[in-house]
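S.K.: One structure is given below, represented as structure tokens, and several questions about it will come after.
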Amino acid sequence: MSAALSSSLYISPKKPSCPQQSLSTKPTTIKTTLHTHPLFTVADQAVTLQMKEKILCLELMGIDSGKALSLNPFLRSASLDSVESVLNFLQSKGIYPNDLPRILGMCPKILTSDIRTELNPVFTFLSSDLHVPDNAFRRVIKKCPRLLISSVEDQLKPALFYLQRLGFKDLDALAYQDPVLLVSSVEHTLIPKLRFLESIGFTRSEAIGMILRCPALFTFSIENNFKPKLDYFMCEIKGKLENLKEFPQYFAFSLEKRIKPRHLESMERGLELPLPLMLKSTDEEFEQLLLQTKQSSVGYVCRGTSCALTSPGFGSFRHQLYHQSSSVVEEELDPFSLVADELSLLSNKLRAMVVAEVPKLASAAEYFFKRGVEGKQFRPTILLLMATALNVRVPEALAADTADIVPSTELRVRQRGIAEITEMIHVASLLHDDVLDDADTRRGVGSLNFVMGNKISVLAGDFLLSRACVALAALKNTEVVSLLATVVEHLVTGETMQMTSTTDQRHSMDYYMQKTYYKTASLISNSCKAIALLAGQSAEVATLAFEYGRNLGLAFQLIDDVLDFTGTSASLGKGSLSDIRHGIITAPILFAMEEFPQLRTVVDQLEKDPTNVDIALEYLGKSKGIQRTRELAIEHANRAAAAIGSLPETDDEDVKRSRRALIDLTHRVISRNK
């Protein structure tokens, strides 16, 4: 039996293979291990051989046996056979042997749990109630081992029911991102946190909205987190509850290490920064931000009709906001909130459009359209704002020559259709890219190919493209159909360029920028142009819309290149250095190669010798590659803002507001950290 237990633990042959064997073959090692253990005191000389075996097996698994026995006294009387059965059961559910030290170390009670009445019901709950596939059990349990010691009927199901009533509709998010909420007491943890938010002045719906945006609020202590941070916010920052409603993540930052130091530094420089900008900026970005000495309101410095939009960590760039007043700063805008209602309609429509007869295909197709996983919907936001920004009177001469002009309500529906089509094409490209890149995560959850396999992922992408084609045909505008068909061609061309490039092409910035346009910027630029064409706008206006999308897309990718070297895997939803580790050469390295030609040889050997990654990073650190990439991104952001500023003038406030929001997006793209 000891040998069987040893096998189930996958103990390295370099260590004793099992307790009984080791007592005869490695007496010194075993004696040393046991005698240094807390149980081996003078009072514990009568410890049985079975207990010694148990202690040794726990230690060989990397579990602190003293802590385990203290947290779970039932381990003292449990038989090795029962412990072995639990270990075998966990491994049968996909838990890896090297996961066990952490899982069992956190929850040693698992070792004495009844498989039939306690452990198995948890996996049934994950499968039936949360729809977690068998091959994803490990991911969920690693995230929250306490699930295995929680009663399904008394804890997990009541918590799930309560959370769903509040509005937590995305089961994947609960399973993969916030499973700790399922093991939190509804009566003693969840309800008190919600009531506390209500007690400080938020309505119930506002408090719920904050929690849905930042589920971690349910995990924070009222006494040790909420109250001290709220006191500081109200008394020192002198903020308004509205600020916390918009940015509930405030409570997730350390009061002593982040909130206080940054607020005090800001005040010393005479800066009043929005909470997200003050707290979410990296240390480098924040230091750069503090260098700005004449800044007012929301990051704008206004002089006459010209406003400089500062970009923390990336220097500053200027563009015209083209507002009528020369003495006041334009109102702060949240581009996403301006079209929030339409985004909700769009999300519902997309979920309805990807319904399929085959359940497996339907589940795959809607994977990234489910609530909580749809992302920020960056592209639909741009297109809906562009539709409003172009809502100006079409010249009579042009209108007379345009047969496709339709009533404004119908036009808006058709333009929203472009946003829906664009998002389907975008998600289809993500599904295909993840297969090509063998990715295992996307948007903070398991990638579809990781969860359902490559074949289903490819078919789901094809299915989305077919649905996009059907929706495109329904617009009955051949020029728009041609534009978006070209986008699909560009996506394929860009990916092929990346896979088949010659050495000279990989070293060429022009080649890289062309590939980037095909892979990233073509979709948004041609979609923006399609919005203008449906509105019957002139070729000049359509070109401006195209230029905005093209330059914004290029700026977005260039900052993505920077973040691959400077960001974290947590903030990016992927591993940092992912491009260079796959041998993909991006703008920062290309600029570094111009300064250090010897770097060319290093990058050419990246796939053959992974150690060259570190050498390449050393060269990059000595170069201005990161800085020059940021500068190029800012240049393209400027061009995007200038395109909006060149649109025909208007007195319509909604149109002007949408144009300002589009310009604001250029700043957000440059200053983002994920």
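Where a number appears in this text, it was derived from the coordinates with a stated rule and is not lab data. From a predicted model like this one, the values you see are computed outputs, not experimental measurements. Glycine also receives a Cβ, built like all others from the backbone with ideal geometry; neighbour counts cover every protein chain displayed.
S.K.: Show which aspartates and glutamates lie in cross-link reach of Lys238 when reach means a straight Cα distance below 12 angstrom and same-chain residues fewer than eight apart are skipped.
M.R.: Counting by Cα, and skipping residues close in sequence, Lys238 has these aspartates and glutamates nearby: Glu272.
S.K.: Please compute the length gained on full extension between Glu265 and Ser92, using 0.36 nm multiplied by the number of residues separating them and subtracting their Cα-Cα distance.
M.R.: So the extension gain works out to 56.9 nm.
S.K.: Something else now. Please state the relative contact order of the range 49-220 as a whole percent: Cα pairs under 8 Å, 6+ residues apart?
M.R.: 17 percent
S.K.: Let me confirm the definition first: pairs of Lys residues in the range 477-673, 8 or more apart or on different chains, C-alpha distance under 21 Å. How many are there?
M.R.: 4
S.K.: To continue, here is another question. In terms of modelled amide H atoms, which long-range or inter-chain residues lie less than 5 Å from the amide H of Arg442?
M.R.: Ser447
S.K.: Against the globular-protein guess of 2.2 N^0.38 Å, express the Cα radius of gyration of the range 49-220 as a ratio, rounded to two decimals.
M.R.: That ratio works out to 1.16.
S.K.: Using 1/(1 + (r/R0)^6) with R0 = 35 angstrom and r between the beta carbons of Ala474 and His131, what's the FRET efficiency to the nearest 0.05?
M.R.: Step by step, r from the Cβ atoms, then E = 0.60.
S.K.: Please rank Tyr548, Tyr512, fewest neighbouring Cβ atoms within 10 Å first, as an exposure proxy.
M.R.: Tyr512, Tyr548
S.K.: If I model a spin label as a point 7 Å beyond the Cα along the Cα-Cβ vector, how far apart are those points for Ala252 and Ala340 in nm?
M.R.: For Ala252 paired with Ala340, the spin-label model returns 1.8 nm.
S.K.: Which entries of Lys229/Lys280; Lys376/Lys476; Lys193/Lys227 show an alpha-carbon separation above 20 angstrom in the structure shown?
M.R.: With Cα atoms farther than 20 Å apart: Lys376/Lys476.
S.K.: In what sequence, highest mean first, do 151-160, 210-219 appear when ranked by Cβ atoms within 10 angstrom?
M.R.: The peptides rank, most packed first, as 210-219, 151-160.
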